[in-house]
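See below for the structure under consideration.
Any read-out appearing in this document is the output of simple, stated calculations on the displayed coordinates, not a laboratory observation. Fair warning: this is a prediction, and the values are worked out from it, not measured in the lab. When we count neighbours, we look across all protein chains shown, and the Cβ atoms used for this are built from the backbone with ideal geometry, even at glycine.
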Amino acid sequence: MEPLLNFLYSLENTGNTFYNCFVEPILRLINLPPKDLTFGRESLPLRFYEEILHSEPYVHTERKIPFPFNGATDSFIYYQTWFLPTTKFQRNTDIFFVHGLNEYGGRFSEICTPYLEQGFRIIGLDLPGFGRSSGLHAHINDCNDLIEAVHEVINHVKNLNDKKRKVILYGGSMGGMIVLSYAIKYPDNFDAFSVYCPFIYLSSASRPSKFIEILARILIKTPLGRIPIAVAHSGKSNPLNYRGNLRCSTGLAIKVHAEWLRLNLENISKPFLVQHGLCDRVTRFEGSKELFDKAQTLENQKQILLYEDCEHDMFRDKGSKEKVVEDVINWLISMDMKL
């Protein structure tokens, strides 16, 4: 049965790749965009952990806001807001969660209950091309688009607020890279940030071969830049997670942006916490150390926590997840009191 399922999955991927690389770009050229701008993701059912936060006592809202992306002017960003009105202490602080590569904002609902119980309000956005936001799944041409998407959501939430609220950015892996970049580009639009396993340096175990990189540089100049070429599987049991190989344009966009980020870490000055597992096989913990050393944030306003035996997916690491969550919540509480 398993070989048959693998064959059918491979056949489905081949058909999707052909449509995405050849058919859909032509349809757009003749002004016939797909009817479903999320390529089927928007209509997928909620996961059980999302359903919990959609019911009492939690208060949940969801919104879509226009956002031009990858040349499409009809695209949009989807985001959700969660808070728990029954908790004893309501904080005047919004946590904006920025997800990593192949993920989506709604997946944070799997582990966000302790944050809500501490009185924080959480905003989970789906970056363009991910989750229930529009765009070909996991297709990025320029990471600056992701930074601008975060900016749009923050400003949209601020405009909806009855009163001014503190803003803390929160993200890991690629999401951590975007948060750090936002801290450089828009330092006056938020108050503090926390990142875990940020994509500053890619582990050699996760880097594609030199041949793949050269091939990707050639293909990115054509619609074939959409081709999934490098291994980067994630979350096969959840269709809202991207389950295919890394697309050419996406891989190069992240690589180029990480290089820019490394050159600009000294332009970070906001209070922050960075967490990293010493056994991370995706991003190198040396990048987090470099962030801590180069950032111009005052010494008493920055903190780095490194975890023995902890890997990349820190919040699902059986040995360390409780400690990781406890540490970041304690930091968030202390930061909320200082801001």
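Ordering 314-326, 133-145, 95-107 by mean Cβ neighbour count within 10 Å, with the highest value first, yields 95-107, 133-145, 314-326. Subtracting the Cα-Cα distance of Glu117 and Val256 from their residue separation scaled by 0.36 nm leaves 46.2 nm. Placing dummy labels 7 Å off each Cα toward the beta-carbon, the span from Asn300 to Leu339 is 2.0 nm.
Test of understanding: what is the full-extension gain from Asn267 to Val59, defined as 0.36 nm times their sequence separation minus their Cα-Cα distance?
On the way: separation 208, 0.36 × 208 = 74.88 nm, distance 3.72 nm.
So the chain would gain 71.2 nm between Asn267 and Val59.
Sorting 186-197, 166-177 by average packing, meaning the other beta carbons within 10 Å per residue, from highest down gives 166-177, 186-197. Stretching the chain fully between Ser203 and Lys323 yields a gain of 40.8 nm (0.36 nm per residue, less the alpha carbon separation).
With a cap of 11 neighbouring Cβ atoms within 10 Å, and only residues DSSP puts in a loop, list the GluC sites (Glu not before Pro) found in the range 40-82.
Loop-located and lightly packed - none at all.
The peptide list 150-163, 244-257, put in order of mean Cβ contacts within 10 Å with the highest first, becomes 244-257, 150-163. Global size of the range 76-135: 12.2, 40 Å for Rg and Dmax (C-alpha atoms, Rg to one decimal, Dmax whole).
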